[in-house]
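These notes concern the structure reproduced below.
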Amino acid sequence: KIKKSGGNHYSFFDIKEKSFIQQRLELESEIFQAIEKDQFEVWYQPQINTETYQVYGVECLIRWNHPEQGIITPDLFIPIAEANGSIKELGYFVLKTACHQLRQWRINNVFTGVMAINVSLRQFERNDLLGQVKKTLIDEMLPAESIELEVTESLFSEDNNYHTPILLALRELGVKVAIDDFGTGYSSLQRLKNLPIDNVKIDKCFVDNIEHSSEDVAIVMATILLSKTFKVGLIAEGIETQEQADKLSELGCFNQQGYLYSRPLRAHDFEDWLTDFTLQHKERKILQVVNN
Ligand code: C2E
Ligand code: MG
Ligand code: MG
Ligand code: MG
């Protein structure tokens, strides 16, 4: 029960907070069953090169299609899954689903680029990840180079860097590694120098104000310079407007991902989107030829 502590103030638990905790407890108790009941889905968001207008990559993002609550986004349940250990099962589900989808797309010549898969720190425990990746690649007959694992800077912190042998073994196979949410963590530039990575993802928070903030421009320019010096790829995420896209391209960051191009979509919706996008690109090329 909620106690009123005089006036309009509620003591300790207010209604909102209680329901948040309630919801968390409910999701936590449902999550293992939800895996068995097939309530999780993998959605796909394109990664575009603005010089070529090619969709060179796709990031897969998990969704929980909850029978009462509808689509729940990962920010609400990934932390829970990490806390109760179900992230290992969920992570394996995402890996298998995404690779199976990629295989289908390759067979049908729909999409032959790279599939980027988020993995959390906890999946590196007990060495499961390496075996799961190997098995999945074999099962789906995919080249290791066709998948990329997105990890966060925390994987490389002093406390966690004993995980890097696994990462090195994965890269030895040919699997690509990207550092996600770059610039929001704590890794020093000294550490960055030695990171075993192929790509850097500039976080959305540096993109949001890129047209108006000289600080954000400086951060993006510095990251571009770093990526060139260390010979790693670069992509910016969270691009919502054409102005942001143009500014990033002007600075030299051509690989882009964001709602401007597409939200994350279910596989069949992604296929429709890709057909439209490819058609638009052809029209754009024809127009260029006509105008020159
Ligand atoms: P992330 O890996 O940094 O993914 C980018 C997030 O930004 C996604 O949110 C995506 O839908 C969203 N996004 C993309 N473009 C835009 C944009 O233009 N505007 C805005 N406002 N948002 C944009 P989502 O799907 O809710 O995922 C949130 C986070 O949950 C991800 O951040 C990732 O850390 C985690 N996550 C998602 N799927 C998985 C998964 O399969 N496994 C693990 N371990 N974590 C996952
Ligand atoms: Mg990601
Ligand atoms: Mg990110
Ligand atoms: Mg994130």
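The values are calculated or read from the model by the stated rules, or taken from the named source; none is laboratory data. Values in this document were obtained by computation on a predicted structure and should not be read as measured data. As a convention, Cβ positions derive from the backbone with ideal geometry for all residues, glycine included, and neighbour counts pool all protein chains shown.
Figure legend. Inter-residue proximity from segment 101-116: first residues modelled with pLDDT of 95 or more, second residues aliphatic (A, V, I, L, M) and in a helix (DSSP H, G or I), beta-carbon distance below 7 Å, spacing 6+ or different chains. Indicated pairs: Gln101/Ala267; Val110/Leu274; Phe111/Leu274; Met115/Ala98; Met115/Leu102.
The listed residues are Ile179, Ile166, and the only one of them that is away from ligand 2 (no atom under 16 Å from the Cβ) and not small (Gly, Ala, Ser) turns out to be Ile166.
In segment 177-193, the count of residues that are surrounded by fewer than 16 Cβ atoms within 10 Å (Cβ to Cβ) and charged (D, E, K, R) is one or more. Counting just the residues of segment 50-94 that are hydroxyl-bearing (Ser, Thr, Tyr) and more than 17 Å from Glu237 (Cα to Cα), which one comes out surrounded by the most Cβ atoms within 10 Å (Cβ to Cβ)? For segment 50-94, the residue satisfying everything is Ser86.
Which residues, taken from segment 233-253, are crowded, with 16+ Cβ neighbours inside 10 Å and away from ligand 2 (no atom under 16 Å from the Cβ)?
Gln244, Ala245, Lys247, Leu248, Ser249, Cys253
Conditions: (1) crowded, with 20+ Cβ neighbours inside 10 Å; (2) at pLDDT below 95; (3) within 24 Å of Leu102 (Cα to Cα). Leu170 meets all but one. Number of the miss? Leu170 satisfies all of (1) crowded, with 20+ Cβ neighbours inside 10 Å; (2) at pLDDT below 95; (3) within 24 Å of Leu102 (Cα to Cα) except (2).
Which of the residues spanning segment 112-126 are more than 8 Å from ligand 1 (Cβ to nearest atom) and of a type in the set (Ser, Thr, Tyr)?
Kept after step one, since they are more than 8 Å from ligand 1 (Cβ to nearest atom), are these residues of segment 112-126: 112-116, 121-122, 124-126.
Within segment 112-126, just Thr112 meets the criteria.
Only one residue in Ala245, Ala222, Ala236 is assigned to a helix (DSSP H, G or I), at negative phi and free of Cβ contacts under 8 Å to residues at least 60 places away in the same chain. Which one?
Details: Ala245 fails: free of Cβ contacts under 8 Å to residues at least 60 places away in the same chain; Ala236 fails: assigned to a helix (DSSP H, G or I).
Matching residue, one of Ala245, Ala222, Ala236: Ala222.
Regarding Gln257, is this residue without any contact (Cβ under 8 Å) to a residue 60 or more places away in the chain and within 26 Å of Asn109 (Cβ to Cβ)? Taking the combined requirement at face value, the residue does not satisfy it. Quick one: is Lys204 more than 16 Å from ligand 1 (Cβ to nearest atom), out of contact with any His (no Cβ under 6 Å at 6 or more places or on another chain) and of a type in the set (Lys, Arg)? So Lys204 does not fit the description; no.
Name the residue that is farthest from ligand 2 (Cβ to nearest atom), counting only residues in segment 200-210 that are surrounded by fewer than 22 Cβ atoms within 10 Å (Cβ to Cβ), under 19 Å from the mean Cα position of the chain (by Cα) and not in a helix (DSSP H, G or I).
Asp208
Return the residue satisfying two criteria in turn: it lies in segment 165-199 and is closer than 21 Å to Glu125 by Cα and within 12 Å of ligand 3 (Cβ to nearest atom), and of such residues it is farthest from the chain's Cα centre (by Cα). Residue satisfying both the conditions and the ranking: Gly185.
State which residue pairs qualify: first residue over 22 Å from Glu145 (Cα atoms) and inside segment 189-208, second residue outside any helix (DSSP H, G or I) and of a type in the set (A, V, I, L, M) in any location, beta carbons under 7 Å apart, and separation of 6 or more residues or different chains. So the pair list comes out as Val207/Ala236; Val207/Ile239.
For segment 73-175, give me every one of the helices (runs of 4 or more DSSP H) that falls completely inside it and has 2 or more residues that are in contact with a Leu (Cβ under 7 Å, 6 or more places away or on another chain) and of a type in the set (Gly, Ala, Ser).
none
On the stretch given as segment 181-196, residues that are more than 19 Å from Gly252 (Cβ to Cβ), in a loop (DSSP other than H, G, I, E, B) and either aliphatic (A, V, I, L, M) or within 13 Å of ligand 4 (Cβ to nearest atom) (or both) total 3.
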